[in-house]
Structure formats: C-alpha cells, structure tokens
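Where a number appears in this text, it was derived from the coordinates with a stated rule and is not lab data. The structure displayed is predicted, hence computed values, not measured ones.
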Amino acid sequence: MREIFAGLPWWVKWIAVPVIALVVFGGVIATVIGFVIGLLFKVLVFVALVGGLIYIVRKFMSSSTSRGDW
C-alpha cells in the first residue's frame, strides 16, 4: 500500500482520498454519529428522571417522618 501512495502527489494522499472516503462512507458516518448522539440524549434524560425521582422520594420521606414526630 505504501508503494502505491509513494508515487502520488501530496494532495491526492491528504485531500482526494479523504474526500472520496467521506463521499463513500458519509452515510454510515452520519448514521453512527446520529445513533451516538441519540443514545447520549436518552442517557441524559434517564439520569435526569432518576435524579428527579430520588429527589421527590427523599423530600416526601423527610416530610412524612417529620409529620409522624408531631
């Protein structure tokens, strides 16, 4: 592989080949990036919901125990 690229100009190695790779695999790359971003968003929503649930349960439990002391 190195012999093939050795005789080519620099712009073929550093510009043309990456552009061709992006054109050919662009859809796959976009799909993977979209999946990862969607997964991260779902994880963030999950963490926020669980944190909110824990906050509500702790607040309810602390208020119910203080009422029991009266």
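With helices as the sole contributors, the chain gives -30000 deg cm²/dmol at 222 nm; each DSSP H run of n ≥ 4 counts as -39500 (n - 2.57), and the sum is divided by every residue. Spherically averaged projected area of the convex hull of Cα atoms, the chain: 7.7 nm². The C-alpha atoms of the chain define a longest principal axis, and helix 17-69 lies at about 10 degrees to it.
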